[in-house]
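The values are calculated or read from the model by the stated rules, or taken from the named source; none is laboratory data. A quick note: this is a predicted structure, and the numbers were derived from the prediction, not measured. Cβ coordinates were reconstructed from backbone atoms using ideal geometry, including for glycine residues, and neighbour counts include every protein chain displayed. Note: accessible area is taken over every heavy atom of the protein model, side chains too, but ligands, DNA and RNA are not part of it. Shrake-Rupley method; radii C 1.70, N 1.55, O 1.52, S 1.80 Å.
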Amino acid sequence: MSAVGHRTTLQEYVSSGLGGGAQDDGLDAVIMAIADGSIQVQRQVQQAALADALGATGETNVQGEIIQRMDQVSSDIFVETLSSSGHVAAIGCEEIEKPVIIEGEVADGYIVLMDPLDGSSNIDVAVSIGSIFGIWKKRPGEKVNEDSLLRPGDEQVAAVYVVYGSSTVLVLATKTDVCGFTLDFRSGEFAVTHPNIKIPKECLYYSTNEGNHKVLDEPTQKAVANLRNKYSQRYVGSLVADFHRNLLKGGIFAYPADRNRKDGRLRLMYEANPLGFVAEQAGGAASTGYQRILDIIPEQLHQRTPLILGNKDVVEEIVSVINGG
Ligand code: AHG
Ligand code: MN
Ligand code: MN
């Protein structure tokens, strides 16, 4: 293989101001803790079948969903790397009922909300899955408790997701940049491969669970029918993978409310807020169909939300049709 030039590593990127001259106040350590955890999770995911670690734990989470063994493994790994970063004051996790409050005073701490493994139905079948993180800064002087985690998505300082796919890709969004990194298995480090990500103007794909069509209300059925008539359908069934493709290629993801899921299917704090933040920073949009995702004032850690996510023009079009326009 021919020699390739040096690529900026994630470590170099975060140490030199996160692509926009940000102060070094520990956010770099939080991001590196996520990256370290994701490398461990990636290895576990690759080895899961060989280690007899596939399948369900037999437990259900607070939302009544079956916890897969790999959900548990991933959750444990990220709780460990984030807790020992020295800069995380609290962690909220899809698989853990109550927030993990880190003991001791973390003066410049961050609050991290995560979906440690996204794409449950794909874990056992070698299809792309991922991890999703929203990062908030602790309010100055605040003694962190459960309510400290109930912050609107608009207050995120950064969001990260990782896709364990045909390559392992980490995308980091801050207020100044959205940058994609690929895990280099030779060096064991993430290196920049997708600088300055902007969602393409042209929308190519729509991603929705067509099996839900009959339980949608009429305006939402019409909105989905419009997508069907205009764009190619792609649906992995792992939000993080569907979103990643749509972000790079131009596309729209829709998991609207329906008759069986009045509040939608996806989680506000672990899925919609972080990916909504990434989408907006890349020039896209995120809506419930009625409200901008990042404006929602959360009432519960594990609350669900409808989610329309991707190209801004198309999100606006769907919202208008859902509202009878
Ligand atoms: P999780 O594995 O974290 O519970 O999330 C699964 C989610 C999301 O990844 C995906 O978009 C959605 O479930 C798919 O739902 P359907 O199977 O209902 O289409
Ligand atoms: Mn998920
Ligand atoms: Mn999950």
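Under the classification rounded if a/c is under 1.5, otherwise prolate if a/b is larger than b/c and oblate if not, where does the range 10-194 fall, given a ≥ b ≥ c as square roots of the Cα gyration tensor eigenvalues? Don't skip to the end; give the middle numbers.
Working: a/c = 2.01, a/b = 1.19, b/c = 1.69.
Oblate, because a/c is 1.5 or more while a/b does not exceed b/c.
Among the listed pairs K201/K222; K175/K249; K198/K262; K201/K230; K175/K222, give every one whose C-alpha distance is greater than 25 Å. Each step should come with its number before you reach the end.
Values: K201/K222 23 Å; K175/K249 22 Å; K198/K262 32 Å; K201/K230 15 Å; K175/K222 35 Å.
Result: K198/K262; K175/K222 exceed 25 Å.
Carbon and sulfur: what percent of the range 136-231's accessible surface (1.4 Å probe)? Intermediate values should be presented prior to the final figure.
On the way: 2340 of 4580 Å².
Roughly 51 percent, rounded to a whole number.
Could you pull the Cα extents of the range 205-322 along its three principal axes, largest to smallest, in whole Å?
Between the extreme Cα coordinates on each principal axis of the range 205-322 lie 36, 32, 25 Å.
Quick check: net charge around E280, other residues with Cβ under 12 Å of its Cβ, Lys/Arg +1 and Asp/Glu -1? Write out the running numbers ahead of the final one.
Working: positive: K175, K198, R292, K312; negative: D154, D295.
Once positives and negatives cancel, what remains is +2.
At most 11 other Cβ atoms within 10 Å and a DSSP loop assignment: could you name the trypsin sites (Lys or Arg not before Pro) in the range 225-318 that fit? Walk me through the numbers before you get to the answer.
Values: sites: R228, K230, R234, R245, K249, R259, R261, K262, R265, R267, R292, R304, K312; in loops: R234, R259, R261, K262, R265.
Hits after loop and neighbour filter: R259, K262.
Just grab the label-to-label distance for V127 and A56, each label 7 Å out from Cα along the Cβ direction, in nm (one decimal).
Here the answer is 1.8 nm between the modelled labels.
Determine the per residue accessible area of the chain with all protein chains present and a 1.4 angstrom probe, expressed in square angstrom. Write out the running numbers ahead of the final one.
Details: 14070 Å² over 325 residues.
Accessible surface, normalised per residue, equals 43 Å².
Given the alpha-carbon gyration tensor of the chain, what are the semi-axes of its equivalent ellipsoid in whole angstrom, ordered largest first, with each equal to the square root of 5 times an eigenvalue?
Working: eigenvalues 165, 102, 89 Å².
One finds semi-axes of 29, 23, 21 Å for the chain.
Which is the longest stretch in the chain that no exposed loop site breaks, taking sites as chymotrypsin sites (Phe, Trp or Tyr not before Pro) with a DSSP loop state and at most 16 other Cβ atoms within 10 Å? Walk me through the numbers before you get to the answer.
Numbers: sites that count: F185, Y235, Y290.
After excluding every exposed loop site, the longest remaining stretch is 1-184.
Determine the sum of side-chain charges near P256: Lys and Arg each +1, Asp and Glu each -1, restricted to other residues whose C-beta is under 10 angstrom from that of P256. Kindly include the intermediate steps, with their values, before the conclusion.
On the way: positive: R261, R265; negative: D217, D258.
Value of the local net charge: 0.
Hey, quick one: spin label on K201, modelled 7 Å out along Cα-Cβ, who in the range 300-325 has an amide N within reach, i.e. under 19 Å?
Answer for this model: 310-317.
Taking θ = phi - 60°, what integer Hz values does the Karplus form 6.51 cos²θ - 1.76 cosθ + 1.60 yield along the range 86-103, in sequence order, with x for Gly and Pro?
Running phi through 6.51 cos²θ - 1.76 cosθ + 1.60 with θ = phi - 60° gives x, 10, 10, 8, 7, 10, x, 9, 3, 8, 10, 4, 9, x, 8, 9, 7, 5 Hz.
Once every DSSP H run of n ≥ 4 in the chain is given -39500 (n - 2.57) and the sum is divided by its residues, what mean residue ellipticity at 222 nm do you get, rounded to the nearest 500 deg cm²/dmol? Before the final figure, lay out each step's value.
Details: 7 runs with 86 residues, N = 325.
Roughly -8500 deg cm²/dmol at 222 nm, from the helical runs in the chain.
Please return the longest range in the chain lying between exposed loop sites, taking GluC sites (Glu not before Pro), DSSP loop only, at most 15 other beta-carbon atoms within 10 Å, and leaving the sites out.
Working: sites that count: E65, E97, E103, E105, E142, E202, E299.
The longest uninterrupted stretch comes out as 203-298.
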